[in-house]
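The structure appears right after this line, and notes come after that.
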Amino acid sequence: QPLDRAASDPVALVGSSLGGYIAALYAQHNPNVTALVLLCPGVDMVQRWPALLGAKAMAQWRDQGALPLPDARGKPTPIHWGFIEDALTHDPLPRPACPTLVIHGSRDRTVAIDSSRTSSEAAAMLTSMFDDPSSGSNNSR
């Protein structure tokens, strides 16, 4: 059921990338969230995107109003500049009060593992960092 209808019921959320960031933001403001599992959460994205795209692409995005970025299937999808403007109005590093497990691979090139480390330290989240799924090694704290 939609979260707005379940606002008084306890709920656990799972989110990946941008969905992880949104789940953490929601949990920060909604005490009915009792647990979170975040997979490579896209926290602090407004700070990360210029490094990922470069200054020229960011300026082009702002000036043209939209930038085609690959969706989950790799298809270019226009993302409106309002996405960035809206993101600037939210906490870049949400601090949910509920128990939170963050799982993040150290080789993630889109969402750097340092973002999860910083967010986890700020909110006292339990974090599992994985070096490489094929190696079987992990570094948990």
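The values are calculated or read from the model by the stated rules, or taken from the named source; none is laboratory data. As the structure is a computational prediction, the values presented were derived from the model and not from experiment. Using ideal geometry, Cβ is built from the backbone for each residue, glycine included, and neighbour counts are taken over all protein chains shown. For the accessible areas, the whole protein counts, side chains as well, though only heavy atoms, and no ligand, DNA or RNA atoms are used. Shrake-Rupley method; radii C 1.70, N 1.55, O 1.52, S 1.80 Å.
When you filter the trypsin sites (Lys or Arg not before Pro) in the stretch 51-110 for DSSP loop state and at most 16 other Cβ atoms inside 10 Å of their Cβ, you are left with 73, 107, 109.
Near residue 69, the amide H atoms lying under 5 Å from its own belong to 77, 79; only residues 5 or more places off or on other chains count, and H is placed 1.01 Å from N. Placing dummy labels 7 Å off each Cα toward the beta-carbon, the span from residue 64 to residue 79 is 1.4 nm.
With the gyration tensor restricted to C-alpha atoms of the stretch 38-118, the semi-axes of the equivalent ellipsoid amount to 24, 15, 12 Å, longest first. A simple packing score, the average count of other Cβ atoms within 10 Å per residue, orders the peptides 40-47, 92-99, 9-16 as 40-47, 92-99, 9-16, with the highest score first. In this calculation the C-beta distance from residue 57 to residue 12 is compared with R0 = 41 Å, giving a FRET efficiency of 0.65. Distance from the alpha carbon centroid of the stretch 49-78 to that of the stretch 9-27 works out to 24 angstrom. Normalised per residue, the accessible area of the stretch 54-114 is 66 Å², obtained with a 1.4 Å probe and no contribution from ligands, DNA or RNA.
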